[in-house]
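Chemist: Just dropping this structure here.
The values are calculated or read from the model by the stated rules, or taken from the named source; none is laboratory data. This one's a predicted model, so the numbers in the text were calculated from it and none came from an experiment. Because the Cβ atoms are built from the backbone with ideal geometry, glycine has one as well, and the counts that use them run over all protein chains shown. When the accessible area is computed, the model is the full protein with side chains, heavy atoms only, and any ligands, DNA or RNA have been set aside. Shrake-Rupley method; radii C 1.70, N 1.55, O 1.52, S 1.80 Å.
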Amino acid sequence: MASGLARSRGRRRKRRARSHVVEVSLGVTAFAVGAAAIAWPLSRSDAAPPQRAVAAPAPQASPAGELTVASVDTGEKSDAEREKKDKKAAEHKASGPSKYTDTKAEAYFRSRWNDKPAKRVKDIRTEGGYLRIYTNLPENADNSKTAITLCKRGLEYLAERGEANPVVFVQSRFGENGNPVLANVLGPDDDDCRVTYPKPK
């Protein structure tokens, strides 16, 4: 009887131990499955990351094989851009040589005169058949000795070219009123370089 009771208790202990092992095994298996379920999508190479910063477009090669990169505006101007802007300003103000400069007239003036009036000349242009001599004289220098001298030199240049209908304007430096005329000749009937103003009514 005692040996039968001992056997019965031994079986119960074995059953309890086995059930405990089964529980631990099930727990480990569940943990492993859960971990795999979390880790597997993250380990896939084709899975998209949660959020990714958008990179700037990569430089692309042109058909000719040249590398082209989109420029970024830094707010700073290159030397070439500044030079171009300065040239445009000079053209507008007529404060120096420009694409409108009459190079023949300029060479004529340089080769013949190197005095104070000549040094006042900043640009000489032929526009619409008119010879325009731009100076650094102030706009109140109308009919001044220098302005009249430059006008006569313009007439001389046009006469040597055989111009039958000479028109010359000597103009001041750029100001609020542009480049006002300081002396002029308005055709063959105008024998005086002085600027005339209409009489007030």
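Chemist: To the nearest 10 square angstrom, how much accessible area does ASP142 have with a 1.4 angstrom probe?
Modeler: Rounded to the nearest 10, the figure is 50 Å².
Chemist: May I pose another question? Given a 1.4 Å probe and the protein chains all in place, what does the accessible area of GLU156 round to, in Å² to the nearest 10?
Modeler: Only protein atoms counted, so the area is about 70 Å².
Chemist: Here's something else I'd like to know. If you consider only alpha-carbon coordinates, what radius of gyration and Dmax does region 149-201 have, in Å?
Modeler: 12.5, 40
Chemist: Given the Cα-Cα distance of TYR130 and LYS116 and 0.36 nm per residue of separation, how much length would full extension add, in nm?
Modeler: 2.7 nm
Chemist: Exactly which trypsin sites (Lys or Arg not before Pro) in region 136-175 are in a DSSP loop and have at most 14 other Cβ atoms within 10 Å?
Modeler: Those that pass, being in a loop and sparsely packed, are ARG161.
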